[in-house]
Structures are given as structure tokens and as C-alpha cells.
Amino acid sequence: MTDDNAATDQPDTTLPKFSVNVAPTEGITAAHLSSLIERYRDGETEPLVFGDDNVPEAAIIPFAAFVRLLKRDHADAVREEHAFQSELLHRIQDADASRDPGITLDELGDELGEPARSMLRKARDDD
């Protein structure tokens, strides 16, 4: 038996089993939403999950929970981008370190002749 999470060093993000009460979409009224907002103001955090045929399709959650989710998603995206950029830099550095320097710009210019020689020297001097 293999553990896919151990191979990638990623935490297990599988949600635990849970159940939700799905409110039928056509049954939700303005009064329901108003009382839900009052519950949120009183500190309750249970979402209102609704959909049809007892299939969850959407949820209304407290705004603070929404902001936490956005922050977490953003942090995950930043970490993924940082890991990608780090890996890319590492690969570029490895490729540069293993590359045979081959020919210098002066030697290339000499091989190509004028006007390439002058252009390469100007580009080198401008740097």
C-alpha cells in the first residue's frame, strides 16, 4: 500500500465525512434569509446549504468565513507560485552550471566578422 501524500510531502486535504441539510431552493424566503443574517450577527456560523433534490448546490456563509477562505486560497496560490518560481530558478541555475561556456562573445564576433563583431562588442560594452 502506498501513501500518495507521503510521496509529495503534501498534507491530506481530503474532507472528513459530514452531512448537510439541504434546503430546497424554492423554499427559501426573504424571511429565512433575514433570520439567517440575525443568527450570523449573534455569532452562529453554520452555513445555509441549498439546492434541489437534496443535492447541495450553494451555501450562504458568514462574511468573516468567506474572507478567511479567500485569504487561505490566496496564501495557497502564493505558496504554489513561489514553489514554481523556485523550481524554475533552480533548474535554470543547474542548466547554466552544467553548460560548457563554449565560445566567448569576442570569439563569436571574430567568427562572424563585421558588422556582427561591432554589434556584439557594443552590446557587451553597454552592459
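No lab work stands behind these numbers, since they all come straight from the coordinates. Predicted, not measured: the structure shown is a model, and the values here were computed from it. All Cβ positions, even for glycine, are placed from backbone atoms using ideal geometry, and neighbour counts span all protein chains on display.
Observations on the model:
- Between Asp52, Asp12, Asp110, the residue with the greatest mean-square fluctuation in the GNM of the chain (Cα pairs under 10 Å linked by springs) is Asp12.
- Whether region 4-66 is rounded, prolate or oblate, judged on the alpha carbon gyration tensor where a/c under 1.5 counts as rounded: oblate
- Percent of beta bridges antiparallel (DSSP, the chain, rounded to nearest 5): 60 percent
- Span-like helix criteria (full DSSP H runs; alpha carbon extent of at least 24 Å along the helix axis; mean Kyte-Doolittle hydropathy of at least -0.5) are satisfied in the chain by 63-98.
- Amide H partners (placed H, <5 Å) of Ala23, local residues excluded: Val49, Phe50, Gly51
- Backbone N under 16 Å from the Asp42 label point (7 Å along Cα→Cβ), restricted to region 57-80: 62
- Spatially, region 20-59 and region 109-127 are offset by 71 Å when compared through their Cα centroids.
- Over the chain: helical MRE at 222 nm, DSSP H runs n ≥ 4 each giving -39500 (n - 2.57), nearest 500: -18500 deg cm²/dmol
- Among [x] 2, 7, 8, 10, 10, 9, 8, 7, 6, 5, 5, 4, 4, 5, 5, 3, 1; [y] 2, 12, 22, 22, 16, 11, 8, 5, 2, 0; [z] 2, 11, 22, 24, 20, 11, 5, 2, 2, 1, 0, 0, the entry that matches P(r) over Cα pairs in 5 Å bins from 0, in percent as calculated here: [x]
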